[in-house]
Amino acid sequence: MTIQTVFRVEGMSCAGCVSRVESVIAAVPGVEDATVNLATGRAAIKFLEDQSSEADFREAIVAAGYGVSDLADTAKSQRKEIADLHRDVIIAALLTLPLLVIAKLPLMPSAADAMQRILSGHSWALIELALVTPVLFYAGARFIKSGWSELRHLNPGMNSLVMIGAGAAYLYSVVVLFRPTLFPPGTAQLYFVAAGVIVTLILVGRYLEALARGRTSQAISALMQLEPQTARVVRDDVELEIPVDDLRLGDVLVV
């Protein structure tokens, strides 16, 4: 018997995410049709009841690096997602701003001299490391978690791109900081600021996207509530008002 289930998928951010979720759903036995909507975050699945269950789909989606929740919790999930992103954006911005200042002030000769009088170049580099580490591994932890999952499933996407880009800049800079002699003269440069800025800007984009998606979902929900709950029909020459669920094939509607 073919049945349908609908639930909310959390953590999708692009068309690539939609394609990936649809592919992991389609890989579950018994699936006849699967549609995932990025704007609403909903996954609608038609499947054979004797071959799979809703739990199988939820498990496959979670294993792919995404979250799953019931439609009844949609508003709550959206509020939590926006709140988490807002927190991460604030943390990343507060730490990246001084990181940017420390990294770029030496471009001004007078500022560079003043900074050298306060602390040595190595000490300033250690401060950069201390500032960027929580940006990458706390505020940007979502990119590492989802990016690693994408790479494990041989299906790289935006998260893995951010993880590799920011991670490469961070790891290279750590090696330069503690083992500068490993590099040819003139190549031992720090890129901590690049890692911090990448994560911060992507987080800002995700936050704005979540706000827009939340407003879209609210608008769609409001439109759905405009659907009439009753209908006027003519039965045995008598006009009746009945719930739409009681309509039968062949009924004559009065509009």
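The values are calculated or read from the model by the stated rules, or taken from the named source; none is laboratory data. What you see is a predicted model, and the numbers here were worked out from it, not measured in a lab. Don't worry about glycine lacking a Cβ; one is built from the backbone with ideal geometry, like all the others, and counts go over all protein chains shown. In case anyone asks, the SASA skips ligands and DNA or RNA and just uses the protein heavy atoms, side chains included. Shrake-Rupley method; radii C 1.70, N 1.55, O 1.52, S 1.80 Å.
How big is the convex hull of the Cα atoms of segment 74-185, per residue, in Å³?
Per residue, the Cα convex hull of segment 74-185 comes to 133 Å³.
Using 0.36 nm per residue of separation minus the Cα-Cα distance, give me the extension gain between residue 108 and residue 53 in nm, one decimal.
Extra length from residue 108 to residue 53 when fully extended: 13.4 nm.
Keeping all protein chains in position, work out how much accessible area residue 70 exposes to a 1.4 Å probe, and write it in Å² to the nearest 10.
80
Suppose the chain between residue 236 and residue 188 were pulled fully straight at 0.36 nm per residue; how much longer would it get relative to their current alpha carbon spacing?
8.3 nm
Taking square-rooted eigenvalues a ≥ b ≥ c of the alpha carbon gyration tensor, is segment 119-188 rounded, prolate or oblate, where a/c under 1.5 means rounded and, failing that, a/b exceeding b/c means prolate?
oblate
R0 = 51 Å: FRET efficiency of residue 123 with residue 252, Cβ-based, nearest 0.05? Before the final figure, lay out the partial values.
Working: r = 85 Å, r/R0 = 1.66.
So the FRET efficiency works out to roughly 0.05.
Helix 109-118 versus the longest principal axis of the chain: what is the Cα-based angle in degrees, 0 to 90, to the nearest 10?
80
Dividing the convex hull volume of the alpha carbon atoms of segment 179-255 by its residue count, what do you get in Å³ per residue?
171
Quick one: Karplus J couplings for segment 134-148, per residue in order, coefficients 6.51, -1.76, 1.60, θ = phi - 60°, nearest Hz, x for Gly and Pro?
Karplus-based 3J(HN,Hα) across segment 134-148 equals x, 4, 6, 9, 10, 4, x, 4, 4, 5, 5, 4, 5, x, 5 Hz.
Helix 54-63: angle to the longest alpha-carbon principal axis of the chain, degrees 0 to 90, nearest 10?
Long axis of 54-63 versus the principal axis of the chain: about 10 degrees.
Could you give me the percent of Cα pairs per 10 Å distance bin for segment 1-152, shortest bin first, beginning at zero and ending with the bin that holds the maximum distance?
Per 10 Å bin, starting at zero, the Cα-Cα P(r) for segment 1-152 comes out as 10, 29, 23, 15, 12, 8, 3, 1 percent.
Taking 0.36 nm per residue of separation and subtracting the Cα-Cα distance, what length does fully extending residue 90 through residue 175 add?
Working it through step by step, the gained length comes to 27.8 nm.
How big, in percent, is the set of alpha carbon pairs in the chain lying more than 29 Å apart?
Details: 16361 of 32385 pairs.
The calculated P(r) of the chain puts 51 percent of pairs beyond 29 Å.
Provide the per-residue ³J(HN,Hα) series for segment 24-39, in order, calculated from phi with Karplus coefficients 6.51, -1.76, 1.60 and θ = phi - 60°, each as a whole number of Hz, with x at glycine and proline positions.
Calculated HN-Hα couplings, in order: 6, 5, 5, 6, 6, x, x, 6, 9, 7, 9, 10, 10, 10, 5, 5 Hz.
Angle, helix 74-104 long axis vs. longest principal axis of the chain, Cα atoms, 0 to 90°, nearest 10?
Result, in degrees: 20.
Rg(Cα) of segment 15-105 divided by 2.2 N^0.38 Å? Numbers along the way, then the final one.
Values: Rg = 18.6 Å, N = 91, 2.2 N^0.38 = 12.2 Å.
Taking N as the residue count of segment 15-105, the ratio is 1.52.
Once you list every other residue whose beta carbon is under 13 Å from the beta carbon of residue 50, what net charge do they have if Lys and Arg are +1 and Asp and Glu are -1? If you can, show how the numbers build up before the last one.
Working: positive: none; negative: 32, 49, 56.
Taking every other residue near residue 50 into account, the sum is -3.
Hey, how many Å between the Cα centroid of segment 116-166 and the Cα centroid of segment 59-83?
25
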